[in-house]
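Let me begin by presenting the structure, written as structure tokens, before commenting on it.
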Amino acid sequence: MHAPSEAPPVQMVLRAYPPAPARVALEYQPLPSRVVKTVASLVLFWALAPWSVLVPPYYPWPVLCMCTGAYLAHMFWTGRYRVRHFVGVCPRCGRQLRLGVGERINLPHTLTCFACHFEPVLEVADPARVPEPEPLRHAVADCTGTWTEEWMWDDRFLACDGCGARRPATDDLRRLAHAENERGALLRQLADEGRFLS
Ligand SMILES: [Zn+2]
Ligand SMILES: [Zn+2]
């Protein structure tokens, strides 16, 4: 039997970068079941520890039992949610982040980006907090890519074909993207003509 999953509004945040989009489906682990599983892990593995010493090669087993019990207990105790589904983009480099299905996490949850090795945080986005107008930023500082609008996870996003940055397609950002694309096209045109003339 599965508890219904929740999909809180989340985003990926990393200091000094604009937040990046994320979607998550979580299964809440009620406190009583977490307590039962935590206690069961400790009781089972720690009770096994003194007996495991009778099995060759003897000494590693009790240590392994103690560690496994402690690890499972910690996981069940702190993992308030079980991950059903996750998609998210790194705020720094625009690559997809990974979070395994079935992992037990709490929010906010720190992830490691395997592309740029920074540690963005998955957190609940506060809908009451009005986002301050942010500039349309690329993931890479001197990127000259072109913005196109695309569907991602049932929402419209502005995507850069150069650095892979994804920004929500709000009216303001759409205008900025349009202006930037035109400026880029003009610059490319001038560069071409310059090459032709010289
Ligand atoms: Zn990254
Ligand atoms: Zn870019």
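Readers should treat all values here as calculations from the given coordinates under stated rules, not as data from a laboratory. Model, not experiment: these values are computed from the prediction. Don't worry about glycine lacking a Cβ; one is built from the backbone with ideal geometry, like all the others, and counts go over all protein chains shown.
Of the complete DSSP H runs in the chain, those spanning 18 angstrom or more by Cα along the long axis with a mean Kyte-Doolittle score not below -0.5 are 31-52, 60-78.
A crude spin-label estimate for the pair residue 188 and residue 66, with each label 7 Å from Cα along the Cβ direction, gives 6.4 nm. Computed over neighbours whose Cβ is under 11 Å from that of residue 163, the net charge equals +2, Lys and Arg +1, Asp and Glu -1.
Within the chain, the cysteines lacking any other cysteine Cβ closer than 4.7 Å to their own Cβ are 65, 67, 160. In the chain, the convex hull through the Cα atoms has an average projected area of 17.3 nm², a quarter of its surface area.
Taking label positions 7 Å along the Cα-Cβ direction at both residue 58 and residue 161, the computed distance is 6.9 nm, reported to one decimal. Less than 5 angstrom separates the built amide H of residue 152 from those of 157, all sequence-distant by 5 or more or on a different chain. Dipole size of the range 44-113 about its Cα centre, with +1 on Lys/Arg Cβ and -1 on Asp/Glu Cβ: approximately 400 debye, rounded to the nearest 20. Apply 1/(1 + (r/R0)^6) to the Cβ-Cβ distance of residue 115 and residue 172, taking R0 = 35 Å, and write down the FRET efficiency to the nearest 0.05. Working from the Cβ atoms, E equals 0.80.
Placing +1 on each Lys and Arg Cβ and -1 on each Asp and Glu Cβ, with no other charges, gives the chain a dipole about its Cα centre of roughly 680 debye. Here the dipole of the range 139-198 is about 140 debye; that uses its Cα centre as origin and unit charges on the Cβ of Lys and Arg (positive) and Asp and Glu (negative).
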